[in-house]
Each structure stands twice: as C-alpha cells, then as structure tokens.
Amino acid sequence: MTTGSPEISFEFFPPKTAEGIARLEATSRELAAIAPRFFSVTFGAGGSTRDRTSETVIDIQRVSGIETAPHISCISSTQENIREMLAGYVARGIRHLVALRGDMPSGMVEAGEFRYANELVSFIRTTTGDHFHIEVAAYPEYHPQASTPDRDLANFKRKVEAGASSAITQYFYNADAYFSFIERCRRVGMEIPVVPGIMPITNYHQLVRFSDACGAEIPRWIRKRLEAYGEDMESIRAFGEEVVTRLCERLLAHGAPGLHFYTLNRAAPALAIWRNLGLQKQDSATG
Ligand SMILES: Cc1cc2nc3c(=O)[nH]c(=O)nc-3n(C[C@H](O)[C@H](O)[C@H](O)COP(=O)(O)OP(=O)(O)OC[C@H]3O[C@@H](n4cnc5c(N)ncnc54)[C@H](O)[C@@H]3O)c2cc1C
C-alpha cells in the first residue's frame, strides 16, 4: 500500500501560440486544484524556447499559484548566458530549477562552455549558493549515449556530488528498471530522492516517436496491445490509463517518493491516473 504522501508534480512545454498559452493556463488551473508540489516548464537547447520558458514559468505561476520550476539546459550556452538566466530567475523569486545538459539542436555541432549537466550544477551552486532547489535527470533504463550502465551511474553521481537536491527520471514502463536503479544508487551512497517520470499513454504513434528519440523502452506486450487498437483512440486511452495506473501503484507501493507527470500540456490523462490511485490533495495529505 501507498504510505506517506507522495509528491506530485507536472511538466509542461512552452506554448508557441496565443491559443496554446490560453490552453496551458486552463490546464495549470485544473491541475492546481490537487495542490501539486510544483510545475516545471521545459527548455529548448539552442535558444528556440529560451525566452518562452521564462515567460511561461512566470505566467503559469501567476495563474495557478503553484511554484513553477524552469528547466535550464547548458549544451550550447556560454557561462555568461547561464549567469544572466540565473540572475533573472533569482530576481523573479524563482527557487527551483531542473538542470540538464540538453541535446544539440539538429544542424549544430559545437558544444558551448559546458559539456555535461554536472558542470552546470556546479556552476549554479558556485554562482548562487543554496538559493535553488536543483533537480537533475536520471535514467533507470540508462541514457542512450552511455557507454555502460556503470559509467552512467557514475555520471549521475557526479551531478549529485555537484549539488543536485533531487532527481526526476526519464519515463519508463518497467517498474523493475526503476527499483534496480534505486538499489544501485543507494549502494554507492546516493540518498537524494529520485522521482519517477510518468508518461501517460494516449497516442501510440506519438509514444513510439518519443521513445525512439529518448531511448525509453515500450515493453513488447504494451506495444502489441496498442498496435492492435489501430485508430481506436478510446481503447488506447483506456488501456494506457490502466497500464500506467498499475505502474504508478507499484512504484509508490515500493517506496517511490512521488510522481512527475509529463503532461504534454494536457490535464485529463494525468488527473485520471491520480484519481485512480486514490491520492490526496498534497496540502490535505501533509496538513
Ligand atoms: C526529467 C527530464 C527533463 C528533461 N527536460 C529537458 C528540457 O527541458 N530540455 C531539453 O533539451 N532536454 C530535456 N531533457 C532531455 C535531456 O536533456 C537529454 O536526455 C540529454 O541527452 C541529457 O541530459 P542530462 O542532463 O541527463 O545530461 P548528462 O547528465 O550530462 O548526461 C548525458 C550523457 O553524458 C554522460 N556523462 C555525463 N556526465 C559526464 C562526464 N562528466 N563525463 C563523461 N560523460 C558524462 C552520461 O552518462 C550520459 O550518457 C529532459 C530529460 C529528463 C529526464
């Protein structure tokens, strides 16, 4: 059974249009009703959504009243860019960041002054001390570019030693990958909370595209069932909801400290899972 009150958070991407902004504002209001621990807003490497991330964070925080954390990636940035961005966030009262390396935008070959996320975390701690709660990324099924699981784990540890406060994982559908990863982290002395990233399943083709890009595995039995539904979106939704609810139940029952939902800016799929889990509003659960 679930014990304690798991910390729930939701991730958004910065919308490009006025209509997208209005839709995300509505989504954030709807999700704010369950009083999540925080929202986060992704960041496009190479500057494509750099300003939109910051604007979206401020807007969503204002509209929803929920603490909102910008993602910040360093792969094509200079120290000066990052310093400026951090100063902007400090000035706006932001205290929570998701710090990433990011991926090189297509067509770009040169990395900036940072090569890996541990260097970004160190830089944030050196320039802003303990101001920020820093989340970093973790990969229970291992990062696609990692040469070996051991090296990937050692590289994750570098981020923790550089000052990460907690971690959010890449999404996965195999709970054992998460449990095994956590066991390995604890064995090498990493005690920070590692919150599973949860991707609700609503669209098979989109899920395959994302998973191919980020190296997340869709187990064969799930793939086969989804494939068989063809264009029957209602059956895909219902099956996806059941599978992901069961995954979350297992994760929480075995000690996951929370759940971080990749929402793709939609409230309904994550809320349905939250309801199925019988979780409490965060404030009533802790109060
Ligand atoms: C929760 C979450 C949120 C995300 N949000 C965004 C976002 O907003 N924007 C975005 O562009 N991307 C985002 N991503 C994707 C992420 O940027 C990519 O997965 C990227 O490829 C790796 O980023 P990282 O911070 O994990 O990198 P790192 O921790 O730097 O790891 C990247 C690779 O390098 C290796 N490595 C790390 N450190 C070293 C070292 N010191 N020496 C040698 N090798 C090393 C690692 O083993 C790994 O293979 C997100 C991912 C997650 C899980």
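If I filter the range 63-84 down to residues being within 28 Å of A26 (Cβ to Cβ) and aliphatic (A, V, I, L, M), which single residue comes out as farthest from the ligand (Cβ to nearest atom)?
V63
Which is in contact (Cβ under 8 Å) with a residue 40 or more places away in the chain and closer than 23 Å to L259 by Cα, of E161, E141?
Among E161, E141, only E141 is in contact (Cβ under 8 Å) with a residue 40 or more places away in the chain and closer than 23 Å to L259 by Cα.
Which of the numbered conditions does G255 fail, given that it passes all the others? Conditions: (1) open to solvent by 50 Å² or more (accessible area, probe 1.4 Å); (2) under 22 Å from A272 (Cα atoms); (3) in a helix (DSSP H, G or I).
Going through the list (1) open to solvent by 50 Å² or more (accessible area, probe 1.4 Å); (2) under 22 Å from A272 (Cα atoms); (3) in a helix (DSSP H, G or I), G255 breaks only (3).
For every residue, the table says whether it meets (1) over 20 Å from H133 (Cα atoms); (2) modelled with pLDDT of 95 or more; (3) touching a Pro at 6+ places or on another chain (Cβ under 7 Å).
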| site | (1), (2), (3) |
| --- | --- |
| R29 | yes, yes, no |
| A35 | no, yes, no |
| T49 | yes, no, yes |
| R52 | yes, no, yes |
| I82 | no, yes, no |
| A87 | no, yes, no |
| H96 | no, yes, no |
| R101 | no, yes, no |
| S106 | yes, no, no |
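Has the range 217-229 got at least one residue that is within 16 Å of the ligand (Cβ to nearest atom), touching a residue at least 12 places away in the same chain (Cβ under 8 Å) and closer than 18 Å to N155 by Cβ?
Within the range 217-229 (the criterion being within 16 Å of the ligand (Cβ to nearest atom), touching a residue at least 12 places away in the same chain (Cβ under 8 Å) and closer than 18 Å to N155 by Cβ), the answer is no, since none of the residues qualifies.
Of L264, L226, L207, which residue is aliphatic (A, V, I, L, M), over 21 Å from R37 (Cβ atoms), buried (at least 17 other Cβ atoms within 10 Å of the Cβ) and out of contact with any helix residue (DSSP H, G or I) (no Cβ under 7 Å at 6 or more places or on another chain)?
Residue meeting the stated conditions: L207.
Considering only the range 99-206, give the strands (runs of 3 or more DSSP E) lying wholly within it that have at least 2 residues that are more than 10 Å from the ligand (Cβ to nearest atom).
133-138, 194-198
For the subset of the range 28-48 comprising residues that are among the hydroxyl-bearing types (S, T, Y) and open to solvent by 20 Å² or more (accessible area, probe 1.4 Å), which member is farthest from T169 (Cα to Cα)?
Among residues in the range 28-48 that are among the hydroxyl-bearing types (S, T, Y) and open to solvent by 20 Å² or more (accessible area, probe 1.4 Å), the one farthest from T169 (Cα to Cα) is S48.
Looking at A238 and the list (1) open to solvent by 40 Å² or more (accessible area, probe 1.4 Å); (2) assigned to a loop (DSSP other than H, G, I, E, B); (3) of a type in the set (G, A, S), which single condition is not satisfied?
It fails just one condition, (2).
Taking S147, is it among the hydroxyl-bearing types (S, T, Y) and under 21 Å from the mean Cα position of the chain (by Cα)?
Judged against the criteria, S147 is not a match.
The values are calculated or read from the model by the stated rules, or taken from the named source; none is laboratory data. Being a predicted model, the structure only gives us computed values, none of them experimental. Methodologically, a virtual Cβ is constructed for each residue, glycine included, from the backbone with ideal geometry; neighbour enumeration extends over all protein chains shown. What goes into the accessible areas is simple: the full protein's heavy atoms, side chains included, and nothing from ligands, DNA or RNA. Shrake-Rupley method; radii C 1.70, N 1.55, O 1.52, S 1.80 Å.
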